[in-house]
1. List Ser263, Ser96 from most exposed to least, where exposure is judged by having the fewest other Cβ atoms within 10 Å.
2. For region 207-271, which GluC sites (Glu not before Pro) pass both filters: DSSP loop (anything but H, G, I, E, B) and at most 13 other C-beta atoms within 10 Å?
3. If I model a spin label as a point 7 Å beyond the Cα along the Cα-Cβ vector, how far apart are those points for Asn310 and Asn530 in nm?
4. Using the Kirkwood radius built from alpha carbon pairs, what does the Stokes-Einstein equation give as D for region 40-196 at 10 °C and 1.306 mPa s, in µm² per second?
5. What length, rounded to one decimal in nm, is gained on full extension from Arg246 through to His358, with 0.36 nm per residue of separation minus their alpha-carbon distance?
6. For labels at Cys114 and Glu182 in the simple 7 Å Cα→Cβ model, what's the distance in nm?
7. Can you put Ile224, Ile45, Ile211 in order, fewest other beta carbons within 10 Å first?
Amino acid sequence: MEEERKPWLLYFTGENLDTQTFCSISDPTKCNTARIPEWARTSRIRTVQHGWYLWEKTISKNVSSFILWNPLNHKKIMLPPLKHNGTPFGNCILTSPPTRNDEICSIYLFCSRCPSIFYYQLGDKQCTKVCFYDEIVRVAAMEGEHIPQGDMTCFSDPVYCNGCLYAGMRTGWFEVYIVVIEKLQPNGFTLNITPNRMGKLPATSCFEQHISHLIGFNNALFRIEIMHALDRVTAVFVYKFYCTQRVWEKVESVKDTVFFISSVDSAFACQATNPETEGGRVYIALKDCNFFYIYNIEDRSLVTSQHFSNLSARRSYSRWFMPDTRIIGNKAHNEFALPLDVAEVIAKHLNDVLDYLHFRACNKLLRLAAPPIQWRSSSCMSMSRFDHLSMCPLFVFSADDKVFTFLHPKHGLKYKYLINFPQVEPWYINYEICCSKDGWLLLVGVDQTSQFFFNPFTKERLPYRHDERKRIKNIRYFGMSHSPTSSDHVTVEFDKGYTPFTKAATVGCAYICFKEREFSLYNTSPAFHNGLFYFLTVTGKLAVINPTRGKISWKELVIRVLCFIH
């Protein structure tokens, strides 16, 4: 489906209406089918928006659970149970795709009998209910409008646009208002109303029905009215709302926009890919039709599509489905869309962090396929995802501002983060990095009896098990085999001995002295490889330390002398 960057017409077909059928508007002979999950067959679909389904599953008479589900990648998001006490729901609004990175998705459920809403924001532990009855009466009085008690009905045709909710509200028989609801952080709302001063529609016959939708797109609010008699559209009217004048004006031309309307779900608009040939159209799907209408706003012409030949006789009403993996209106250089599963496979095989960042920056589809890097985490999407642990970033921090700076040796990227220095006692000690392994640092208070292991990403702190009260005078002669969380963890420390030609090595809790003039300690740290520690001197001599069951051995390796420069 991802190969076509347009909405699809969605039907539920089959004997039990448990098969999704996606019909292409470019090629009516082309359909894609898929069974809905087993758990969804006992649930009710509330809305389809931004490429996601919102399912409602009844737990009891007064409690329901809601599930967001993406039919393309089968991702599922469980929402907290909602205690509604039998309140019936009407319209539903999703403010954005749930996986969008730059905006947190909110879900609004509108009561069908009163001006109240339930809303979630992804991450909330419970749903919040807000009744606007008193606020509407108060704001209407300030505007000089009188709303008789008992005449107020529910919100109709709600839409999310430019950070606000817009909805119609009818009072009595004739007065219609536009209600503007703006959410304030953390859980407040402001509300404004304005009379709906829109031109009267032509009188309808007893055989005609009326479809009305508010649509928000590009910070503009539109209203589309459709008159139809059974499966025949008889009239289409398009209006745009001007906030400053608070009036509706009829739209004569809107070349860059395409509208999609059905009779059973919310409507939406898209950027026209080819404005001259596709812009300024309204695609209309009526209840029980196996085709759709296309209305041209500029020349007021109305045409029908070919019939979908592959639909079964038993089918639900149609609704528009726009996957959030499309590149509609995207200015990416590539003019094609990859299937999501293919893009995910490509993302998993990108081992270079720069390539991965460039891959995510291309378009929305690739951002969906490639999760963001968790720079401060030890999860599978941390920096270790891109490099072997031996190629992890170098760590440096300033003793003045105590800020860690990460320099990636492979990519040359420098990351600077305000990671708080671990709060330890005594606070006045300036700690330095002694050595590092697998993201862990051994921090030492030089010439102080204070040292410990610290992970700057997970903020974990572990004691230096071997001798916390040891006074370390030089931090340049340390080596570490594994992270301190490993059972195989061993540290080795070189120190000057008690005589001028005596050296000492401490491995774990074991201690060994060796006499060797040639092995001078010139800020050279031992390296761990295949179970052994290797020590290289500035003169090119190589020795090996073998830690075995608490006993250690020191051996100088005889190697061919090579030209060595330091």
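1. Working: Ser263 19, Ser96 16.
Listing Ser263, Ser96 from fewest to most nearby Cβ atoms yields Ser96, Ser263.
2. Values: sites: Glu208, Glu225, Glu249, Glu252; in loops: Glu208, Glu252.
Loop-located and lightly packed - Glu252.
3. 5.9
4. Numbers: Rh = 16.5 Å.
The estimated diffusion coefficient comes to 96 µm²/s.
5. Values: separation 112, 0.36 × 112 = 40.32 nm, distance 4.42 nm.
Separation in residues times 0.36 nm, less the Cα-Cα distance, equals 35.9 nm.
6. 2.7
7. Ranking Ile224, Ile45, Ile211 by Cβ neighbours within 10 Å, fewest first, gives Ile45, Ile211, Ile224.
Read-outs throughout are calculated quantities, based only on the coordinates presented, and are distinct from any laboratory measurement. Since we're looking at a predicted model, the values are computed, not measured. Reconstructed Cβ throughout: ideal geometry from the backbone, glycine too, with neighbour counts over all protein chains shown.
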